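These notes concern the structure reproduced below.
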Amino acid sequence: MLTILDPAGKKEKLCDGVSRRNFLKIGAMGAAGLTLPQLLSLEAAAGIKNSKKSVILVYLVGGPPHQDMFDLKPEAPAEVAGPWRPIPTNVDGVEIGELLPMMSRMMDKFTVIRSLADAQSGHDAVQCYTGRTRGGKMPAGGWPQFGSAVAKLQGPANVATPPYISMCYECTHGPYNEPGPGFLGAVQSPFRPLGPTRSDMILQGVTTDRLADRQNLLGSLDNYRRDVDNSGMMDGFDAFTQQAMGVLTSSRLADALDLSTEDPKLVERYGVGDTKKHMDGNGAPRVPQSFLAARRLVEAGARVVTVNYSKWDWHGGTNNSIFKREQEDFPVFDQGITALVEDLHNRGMADDTAVLVWGEFGRTPKISAQVGRDHWPRVACALMAGGGWRNGQVIGATDRLGGEPVDRPVKFQEVFATLYNHLGIDVRQATVPDLHGRPQYLVEPGVQPLRELV
């Protein structure tokens, strides 16, 4: 691991002692010290376009209530319909919940799936990251999550940016966390700038005084790399160390993670939440700025960025009814997710960047005595955007109570097949090797991308 030393030679931990300023000095070593916006601006002026495809996957921790967001049933009995009413959108015939007004005005840029029909019944992020549950046939090591498979198949688009970056906060309830790289092994784990791998982004034995002299530092690094390359030692470096070297010698990742360099008006458009407040104690923080960070990481070259957002497991209880929580959470989510999609369109990134938002299951049609909605695996919802897809539509339908799909049931793996297709990966042909060297398909045989979108 690489570590910064203060002038006295003491080690500083990034979370405690290394300031943002020093951290960014490291990141500014490469590309002649250009910041990410400057570099992208120069590339655009030179006619250089980034045609790399990418995916931003947002996991709504705990299972969002489809019938209060995208599939309202105003004609149902009161114990099913709840207090909210549907509002029209800018797509003829499509209505969504009244607490999502920003989305209603740009529904033509979204696709809603109302009929996810093979959800699991218990809390577990695994299906949202892999497309598979923990039941049935499970290879040794477990199924890899989507980002790990993409990293294995496509590798980094830019040496300075890991192909798979997780912006997910660690939840104290284990099943809410990403399931890991499975049989692909630790080398295909996501880079986690919010977690332990942030220590990979600091230099060992280099004092903060020396960091001030960028030219000398660059010379030292060049000499170090040349000596290592000539000795063949780089061949023995593990993937994490090589990745860290790439990160350290470019400004891309450090700049992307520094939201203080972003236009304050755009930051305000996304909204800002408290990163230290985990909703209900064991969920993820409600931080729409993660959506902005995800966009910046995609610009920096990430192929897959994952985000976990808030907690949506609203069973009700004393002073905690589902509708009270929805009134708090929905507007913040509405602002943040529409800011992301609007931002992607404004920057010309919407065709190359796919966005997927979902949780592990839906909620019960009937409101409980505690004024909550419980787990409901029979039908769930998803929100998609970008991807160069035919957006501005609704896929599937449910019955009059929102409890069963009655038209176009959709499988989680169909959604993943659509994401792989967007990245240029043919799920009919592409495989990844398991621990025994046997090729494993990314989705079950016969599963195809959503025909409505592609």
Could you count how many residues in the range 353-407 are within 18 Å of Cys128 (Cβ to Cβ) and of a type in the set (Asp, Glu)? 1
What's the number of the condition Val371 fails, among (1) in contact (Cβ under 8 Å) with a residue 60 or more places away in the chain; (2) over 23 Å from the mean Cα position of the chain (by Cα); (3) not in a strand (DSSP E or B)? (1)
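Applying the selection to the range 377-401, what residues are of a type in the set (Gly, Ala, Ser) and more than 23 Å from the chain's Cα centre (by Cα)?
Looking only at the range 377-401, we keep the residues that are of a type in the set (Gly, Ala, Ser), and these are 380, 382, 385-388, 392, 396-397.
Within the range 377-401, Gly396, Ala397 qualify.
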Considering each of Gln448, Gln440, Gln413 in turn, give the residue that is part of a strand (DSSP E or B) and touching a residue at least 24 places away in the same chain (Cβ under 8 Å). Gln440
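Hey, any hits in the range 313-331 for a residue that's hydrophobic (A, V, I, L, M, F, W, C) and over 21 Å from Gly63 (Cβ atoms)?
Filtering the range 313-331 for residues hydrophobic (A, V, I, L, M, F, W, C) gives 314, 322-323, 330.
Those left that are additionally over 21 Å from Gly63 (Cβ atoms): none.
Within the range 313-331 (the criterion being hydrophobic (A, V, I, L, M, F, W, C) and over 21 Å from Gly63 (Cβ atoms)), the answer is no, since none of the residues qualifies.
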Log entry, pairs with first residue in the range 318-332 being closer than 15 Å to Phe70 by Cα, second being part of a helix (DSSP H, G or I), beta carbons closer than 6 Å, six or more apart or on different chains, reads Glu326/Asp68
Among the candidates Ala385, Ala350, which residue alone is in contact with a helix residue (DSSP H, G or I) (Cβ under 6 Å, 6 or more places away or on another chain) and either surrounded by fewer than 23 Cβ atoms within 10 Å (Cβ to Cβ) or in a loop (DSSP other than H, G, I, E, B) (or both)? Ala350
Lone unmet requirement of (1) over 25 Å from Leu344 (Cβ atoms); (2) within 24 Å of the chain's Cα centre (by Cα); (3) buried (at least 20 other Cβ atoms within 10 Å of the Cβ) for Lys411: (3)
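A short reminder: the numbers here are calculations on the coordinates, not readings from a lab. Fair warning: this is a prediction, and the values are worked out from it, not measured in the lab. Reconstructed Cβ throughout: ideal geometry from the backbone, glycine too, with neighbour counts over all protein chains shown.
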